[in-house]
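Presented below is the structure to which this report refers.
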Amino acid sequence: MISDKYKELIERLSLKTEQKQIIWQKSSRDGEFKLQLGGGTLTVGKFEGDYNYKPSISIIIYNDRGDKIDAIDVEDSMHDYLLVDEFYSSIRRSYFKVDETIESFFKELNSDKVIGVESKGPEDDDLPF
């Protein structure tokens, strides 16, 4: 179970993220995002199948000198996993601008124009599929 202080931190960060008032960045680790503030840095990462094959979400706090000063790991079997998973999802959606991208699709779909871009060949395709 995570502390009340962490729950409050998550709730406040979630609200700011949903209001698009936080600039999340990708960290150097896959599946991890970071928020740099004046007093330190916070990272939030979701990792599938750790040593006991359970997904977990990690929140790490660094002070203004870059020292790791606190961390929590929440596994999917833990009581607070849903809260932390929703927080991670909101960060991911914010960083990748999921809602804005979907809205741009609606804008194009609502127009009378032909939509889509014709591919010139496989060498023009930069998608992984």
* Asked: If SER89 satisfies every condition in (1) in a loop (DSSP other than H, G, I, E, B); (2) under 14 Å from the mean Cα position of the chain (by Cα); (3) hydroxyl-bearing (Ser, Thr, Tyr) but one, which is the exception?
  -> (1)
* For GLU18: the one exception among (1) within 14 Å of ALA71 (Cα to Cα); (2) touching a residue at least 60 places away in the same chain (Cβ under 8 Å); (3) not hydrophobic (A, V, I, L, M, F, W, C) -> (1)
* To do: Check THR101 against each of (1) closer than 24 Å to GLU18 by Cβ; (2) among the hydroxyl-bearing types (Ser, Thr, Tyr); (3) part of a loop (DSSP other than H, G, I, E, B) and name the one condition it does not meet.
  => (3)
* Quick check: anything in segment 42-63 part of a helix (DSSP H, G or I), within 15 Å of LEU9 (Cβ to Cβ) and of a type outside the set (S, T, N, Q)? -> no
* Residue in segment 1-41 that is surrounded by the fewest Cβ atoms within 10 Å (Cβ to Cβ), counting only those that are basic (Lys, Arg) and in a strand (DSSP E or B) -> LYS26
* To do: Read through the list (1) more than 26 Å from PHE96 (Cα to Cα); (2) small (Gly, Ala, Ser); (3) within 15 Å of the chain's Cα centre (by Cα), then give the number of the only condition that SER58 fails.
  => (1)
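Take TYR53 and decide whether it is among the aromatic types (Phe, Trp, Tyr) and at pLDDT below 95. Walk me through how you get there before you give the answer.
On the way: among the aromatic types (Phe, Trp, Tyr): yes; at pLDDT below 95: yes.
Yes, satisfied.
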* **Residues (touching a helix residue (DSSP H, G or I) at 6+ places or on another chain (Cβ under 9 Å) and either touching a residue at least 60 places away in the same chain (Cβ under 8 Å) or exposed (fewer than 12 other Cβ atoms within 10 Å of the Cβ) (or both)) located in segment 71-108** => ILE72, VAL74, MET78, ASP80, LEU83, VAL84, GLU86, PHE87, SER90, ILE91, SER94
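The values are calculated or read from the model by the stated rules, or taken from the named source; none is laboratory data. Computed from a predicted model, the values in this text were never measured in an experiment. Neighbour counts run over all protein chains shown; Cβ positions are idealised from the backbone, glycine included.
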